[in-house]
Structures are given as structure tokens and as C-alpha cells.
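Take a look at the structure set out below.
The values are calculated or read from the model by the stated rules, or taken from the named source; none is laboratory data. Just so you know, these numbers come straight off a predicted model, no measurement behind them. When we count neighbours, we look across all protein chains shown, and the Cβ atoms used for this are built from the backbone with ideal geometry, even at glycine.
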Amino acid sequence: MQAGVRGESEKKEKGEIAEDVLKGLSGKPKKLPSKYLYNDEGSRLFEEIMDLKEYYPARCEFEILKDSKDELLQYLKNDHEVYVVDLGAGNGIKTFILLHYFHRRLPLKYLPIDISKLAIDEVVQKLKLKIPELQIEGINADYFEGLERLKELKDVKKLVLFLGSNIGNFNIREAIEFLNHLHKSLNKDDLVLLGFDLKKNPVTIRTAYNDSKQITEKFNFNILKRINEELGGNFDLKKFMFYPTYDPHTGEMKSFLISKESQSVYIKALDKTFSFDTWETIQTECSNKYSLDVIIDLAEKTNFQIENNFFDSNHYFVDSLWKVK
Ligand code: AVJ
């Protein structure tokens with residue numbers, strides 16, 4: 001058995017977060033990159049989100065993976081070595097469904113990649129107990145660092161998982177850039193399973209990001225808390241409100257933290273004061289919702305062939321299986 005965690009993304013991140021916060025809060029409109037929502041606390045809160053009754057994407061994808069694991073297996077069963085690479089694995093619970101089914105049937109190795117070191121440590125620990133004979137190597141890295149690691153893997157078949165509509169946090173231009181990059185990191189016939197949240201009743205979507213337990217609110221506020229803690233900011237969280245809103249035309253589910261009064265915030269690590277007008281917004285997330293047309297177009301533009309689309313019974317969500325052409 002092989003199990004370990006490697007990664008150096010934490011140190012690198014320190015300087016990067018300062019730079020990104022400076023840029024994001026100096027811009028008009030103000031924005032903070034959503035990847036900074038996922039420190040240890042944020043990753044824990046996101047796990048709570050996945051258990052919420054309003055947050056349908058998690059349940060849809062469980063259903064999809066449960067129902068399509070055997071069909072997926074058929075694409076891999078003739079390969080002499082299969083690496084399942086899990087980009088943004090989080091707690092890896094969804095992937096367990098596949099690993100549990102695959103590991104007796106395939107020569108399998110699992111590479112979870114996540115920006116939270118704690119999430120990766122936990123996934124590796126949990127899997128050691130659940131499937132002791134599984135080969136696993138956890139990698140603490142962001143997506144782009146993760147892709148660099150993929151290039152090292154030649155001569156093995158890869159199934160890259162990018163689940164949970166993680167791709168939805170990119171706008172179309174960024175998604176294309178990411179998929180091009182992914183394509184370059186893979187070899188012909190490698191596979192990618194991409195989770196996309198589909199357009200649906202807008203109320204269902206908005207409610208998923210505006211839950212009654214206010215966990216999503218806490219999750220978004222955590223980014224200000226993180227700036228206070230890591231960069232010596234003095235954000236007074238009470239002076240902001242959480243506002244999620246869905247545009248059914250563009251399919252953009254945006255979340256904002258809005259300043260309820262005119263105020264200034266000092267950030268020590270940047271030695272800079274940022275001023276906020278009354279009702280000025282900071283965008284913290286944008287989760288794009290897709291139509292099948294856009295998904296097909298994305299695959300075409302980035303040189304992937306769509307092998308299969310796996311839907312949940314409500315057609316709320318799709319896990320789209322792509323092959324490197
Ligand atoms: C992890 C980016 C897929 O956009 O649905 C959930 C994050 N934010 N609820 C999403 C999230 C608020 C989630 N992703």
C-alpha cells in the first residue's frame with residue numbers, strides 16, 4: 001500500500017492571497033476569488049452545504065454516480081493501469097462510490113487533489129480505513145498545480161474527475177482556458193468526467209444558495225474572516241449582508257457581500273485602507289448553470305469528444321464523460 005500527501009501550496013498561497021485581495025478590492029466592482037473560500041474552515045462549511053436539503057447538486061451527483069458506475073467501468077476495464085485523478089476532491093465522499101466499485105475490478109490508483117491540506121489528509125486517512133488495499137496519493141495543490149502533476153503520468157490511463165460543478169466557478173473564457181490546459185496535460189484516449197449544474201426552475205437554484213440554516217451565508221462570510229485572520233484585516237462582519245441572486249437568462253448564480261454603510265477597512269498585510277460606499281458590493285462567487293448546447297460547444301472548442309452524458313432522474317445535473325481526441 002502506498003499513501004501519502006505531498007504539496008507545498010500553502011506557503012505559496014500566502015503571498016498570492018495578499019496579491020489577489022489587493023487586486024480584487026481595488027477593482028470596480030469589488031470581487032474576491034472564490035478559491036479563497038476553501039481554507040480548512042471553508043472546506044468544512046462546504047461539507048455542511050453538501051448535506052443541506054436545499055443544495056440539490058450534491059444529491060443529484062450521488063444518484064448519477066451510483067447509477068452509472070458500471071457504465072463508467074466499461075470505459076476503463078481493458079487498461080493495464082488506471083489513475084483516477086480527483087480535482088477538488090474535498091472530502092471525496094462522492095468518489096468513494098466509484099472507488100469502492102472499481103478497486104476490485106481495475107488496477108487502480110487514486111490521486112485526490114485539493115487546495116485544503118486538511119481535506120486531503122482526511123480523505124487519505126478515511127480511504128486507508130475503508131479500502132486498505134487501494135493505492136492512494138493525496139496532493140495538496142490548486143487546479144493548475146494539479147494539472148502540472150498530471151503531465152508526469154505517461155503510459156497510464158487517466159480518468160480525471162472534476163465533479164460537483166466545480167467548473168461552474170469559471171466563466172466561459174476561464175473554462176475554455178482550463179479545459180485547454182487539461183487537454184494538454186493528458187494523453188489521447190484519457191477520460192474526463194465533468195459535473196455541470198443545469199439550468200432549471202430559478203427558484204430551485206436560488207434556494208440552493210440561500211439555505212434556511214444560513215450555512216451558505218457563513219461560508220461566504222468566511223472569506224472576510226480569513227482576510228482578517230491571515231492578512232490582519234479589520235472587516236466588521238456585522239456591517240455587511242449576504243446577497244445571493246440568480247439570473248435565469250445568463251445562468252449566473254452570483255453571491256455578494258454588501259456593505260450596509262459607508263465604511264473603510266484596513267488590511268495590515270497590504271498596509272492599505274479600502275473604502276466602501278453604502279450598498280457597495282463584493283462578489284464572492286459566481287456559479288454558472290449550463291444548457292446542454294453550451295456543454296457540447298465547450299467540448300468541441302477544447303478538442304474533447306463527448307462519450308456519454310449521465311443525468312439524474314430530474315435532469316437537474318449532468319456528469320458528462322469526455323475523451324481526449
Ligand atoms: C463547490 C463551486 C461547486 O458553486 O455550487 C455551494 C460552491 N457555494 N454553495 C457551487 C457553493 C455555495 C459550489 N462549488
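Residues of the stretch 64-76 include none that is of a type in the set (S, T, N, Q), farther than 18 Å from SER165 by Cβ and touching a residue at least 24 places away in the same chain (Cβ under 8 Å). Here the condition is being out of contact with any strand residue (DSSP E or B) (no Cβ under 6 Å at 6 or more places or on another chain) and either within 21 Å of GLU41 (Cα to Cα) or part of a loop (DSSP other than H, G, I, E, B) (or both); of ASN228, ASN220, it holds for ASN228 alone. Residue selection: TYR83 satisfies the criterion of being surrounded by 16 or more Cβ atoms within 10 Å (Cβ to Cβ), in contact (Cβ under 8 Å) with a residue 60 or more places away in the chain and among the hydroxyl-bearing types (Ser, Thr, Tyr). Scanning the stretch 27-48 for residues that are of a type outside the set (D, E, K, R) and within 14 Å of the chain's Cα centre (by Cα) turns up PRO33, SER34, TYR36, LEU37, TYR38, ASN39, GLY42, SER43, LEU45, PHE46. For the stretch 241-277, the set of residues classified as within 21 Å of ASN228 (Cα to Cα) and loosely packed, with under 13 Cβ neighbours inside 10 Å consists of GLU261, SER262, SER264, LYS268, ASP271, THR273, SER275, ASP277, listed by residue number. Taking first residues from the stretch 272-286 that are within 25 Å of TYR38 (Cβ to Cβ) and in contact (Cβ under 8 Å) with a residue 40 or more places away in the chain and partners that are small (Gly, Ala, Ser) and within 16 Å of the ligand (Cβ to nearest atom), the Cβ contacts under 8 Å between residues at least 6 apart in sequence or on separate chains come to GLN283/SER255; THR284/SER34; THR284/SER255; GLU285/SER34; GLU285/SER255; CYS286/SER34; CYS286/SER255.
Being within 27 Å of GLU63 (Cα to Cα) and assigned to a loop (DSSP other than H, G, I, E, B) is a description that applies to LYS200. Among the residues of the stretch 219-231, are any out of contact with any Leu (no Cβ under 9 Å at 6 or more places or on another chain), of a type in the set (Asp, Glu), in the same structural domain as GLU41 (by TED's automatic domain parsing) and more than 16 Å from the ligand (Cβ to nearest atom)? The answer is yes, given that some residue of the stretch 219-231 is out of contact with any Leu (no Cβ under 9 Å at 6 or more places or on another chain), of a type in the set (Asp, Glu), in the same structural domain as GLU41 (by TED's automatic domain parsing) and more than 16 Å from the ligand (Cβ to nearest atom). Which of the residues that make up the stretch 283-318 are in contact with a Ser or Thr (Cβ under 8 Å, 6 or more places away or on another chain) and either within 16 Å of ASP190 (Cα to Cα) or in a helix (DSSP H, G or I) (or both)? Matches in the stretch 283-318: ILE295, ALA299, ILE306, ASN308. The residues in the stretch 33-44 that are buried (at least 21 other Cβ atoms within 10 Å of the Cβ) and within 13 Å of the ligand (Cβ to nearest atom) can be counted, and the count is 5. Can you give me the number of residues within the stretch 232-269 that are farther than 17 Å from THR281 by Cα and either in contact with a His (Cβ under 6 Å, 6 or more places away or on another chain) or within 16 Å of the ligand (Cβ to nearest atom) (or both)? Of the residues in the stretch 232-269, 2 are farther than 17 Å from THR281 by Cα and either in contact with a His (Cβ under 6 Å, 6 or more places away or on another chain) or within 16 Å of the ligand (Cβ to nearest atom) (or both). Each residue in the stretch 279-325 was checked for being more than 16 Å from the ligand (Cβ to nearest atom) and either within 30 Å of LEU25 (Cβ to Cβ) or of a type outside the set (A, V, I, L, M, F, W, C) (or both), and 19 pass.
Considering the conditions (1) buried (at least 19 other Cβ atoms within 10 Å of the Cβ); (2) within 17 Å of the chain's Cα centre (by Cα); (3) not charged (D, E, K, R), ILE64 is excluded by exactly one of them, (2).
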